[in-house]
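Working notes, structure below.
The values are calculated or read from the model by the stated rules, or taken from the named source; none is laboratory data. Keep in mind it's a predicted model, so treat the numbers as computed, not measured. Neighbour counts run over all protein chains shown; Cβ positions are idealised from the backbone, glycine included.
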Amino acid sequence: MIIKLTSIGNSTGLLLPKKALERLGVKTGDSIYLAGTPDGYEMVPCDAEFRRQIKIARNGMHRYRNALRELAK
């Protein structure tokens, strides 16, 4: 599916087709999380549980940053 970027005021946006919205399980006004992956980006619905999990992951990465840095070597 190819999606064209559109000017929206002073910003740039993209309009998702109805099929894509249905597949993501989102509707107008919902939030989605854009995550960088090795292959590009992934969009996932962003609900309260997902936000909680992201917060926990970020806290863990911050708390154990030195250990993670050593493991990455």
**Complete:** Within segment 1-12, restricting to residues that are surrounded by 10 or more Cβ atoms within 10 Å (Cβ to Cβ) and of a type outside the set (Ser, Thr, Tyr), the one that is farthest from the chain's Cα centre (by Cα) is ILE8
**Request:** Name every residue in segment 28-43 that is over 14 Å from the mean Cα position of the chain (by Cα) and either surrounded by 10 or more Cβ atoms within 10 Å (Cβ to Cβ) or under 18 Å from THR6 (Cβ atoms) (or both), in order of residue number.
**Result:** THR28
**Prompt:** Looking at (1) farther than 21 Å from ILE3 by Cα; (2) loosely packed, with under 12 Cβ neighbours inside 10 Å; (3) in contact with a helix residue (DSSP H, G or I) (Cβ under 9 Å, 6 or more places away or on another chain), which is the only condition LEU68 fails?
**Reply:** (2)
**Request:** Would you check if LYS73 is exposed (fewer than 10 other Cβ atoms within 10 Å of the Cβ) and at pLDDT below 90?
**Result:** yes
**Asked** What number of residues within segment 9-57 are closer than 23 Å to LEU68 by Cα and part of a helix (DSSP H, G or I)?
**Response** 8
**Prompt:** Quick one: is LEU14 modelled with pLDDT of 90 or more, touching a Ser or Thr at 6+ places or on another chain (Cβ under 7 Å) and at negative phi?
**Reply:** no
